[in-house]
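Comments concern the structure below.
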Amino acid sequence: MTELGDLKVNLPRFDYMCQGNDYTGSAGRFRYILFVRELDEIEKRMVLAVYKDNCYSVEKEAGRVEEKEFPYTPEGIEEAEKWTVEKYREFLEKGSGMEEQNA
């Protein structure tokens, strides 16, 4: 688990992701989703997306989602937790605005 202020990021264990599940979380207006992206028949990556206010689909269509890929491994989960906290810190520093990143 990685934490910053009121955000405690405890992403699921790797076996949860191996079952094809998505995982979502939030802290106020800050939201995130972890899912698996299949690059081809063999290679997979985990993707962590951060956004605010609305659901992932709406924010993705509007171009207001920031995504980062991580290795499809238990260590990838740990990296994704740390990145989520970094993005939350930026979210707080910008006064809960993520608009600039997609302008």
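Diffusion coefficient (Stokes-Einstein, Kirkwood radius over C-alpha pairs, 20 °C, 1.002 mPa s) for the chain: 154 µm²/s, rounded to a whole number.
Among the chymotrypsin sites (Phe, Trp or Tyr not before Pro) found in segment 1-80, not one is both in a DSSP coil and sparsely packed, with 11 or fewer other Cβ atoms within 10 Å of its Cβ. For segment 30-43, putting each phi into the Karplus relation 6.51 cos²θ - 1.76 cosθ + 1.60 with θ = phi - 60° gives couplings of 7, 10, 8, 9, 10, 8, 9, 10, 8, 7, 7, 5, 10, 8 Hz, in residue order, rounded to whole numbers and with x for Gly and Pro. Taking a sphere under 12 Å around the Cβ of residue 67 and counting the other residues whose Cβ falls inside, with K and R at +1 and D and E at -1, yields a net charge of +3.
Assuming 0.36 nm per residue, please report the length gained on full extension of the stretch residue 39 to residue 15 beyond their Cα-Cα distance.
Result: 6.7 nm gained on full extension.
Against the chain, whose longest principal axis comes from its Cα atoms, helix 74-93 is set at around 10 degrees. Each of 83, 30, 62 was scored by the projection of its Cα onto the charge dipole of the chain, and the greatest displacement toward the positive side belongs to 30; charges sit on the C-beta of Lys, Arg, Asp and Glu. For the chain, a crude dipole built from +1 on the beta carbon of Lys and Arg and -1 on the beta carbon of Asp and Glu, taken about the Cα centre, is about 320 debye to the nearest 20.
Every read-out reported here was derived from the displayed coordinates using simple, explicitly stated rules and does not represent laboratory data. Computed from a prediction, not measured in an experiment: that's the story for all the values here. Quick reminder, even Gly has a Cβ in these numbers, built from the backbone with ideal geometry, and neighbours come from all protein chains shown.
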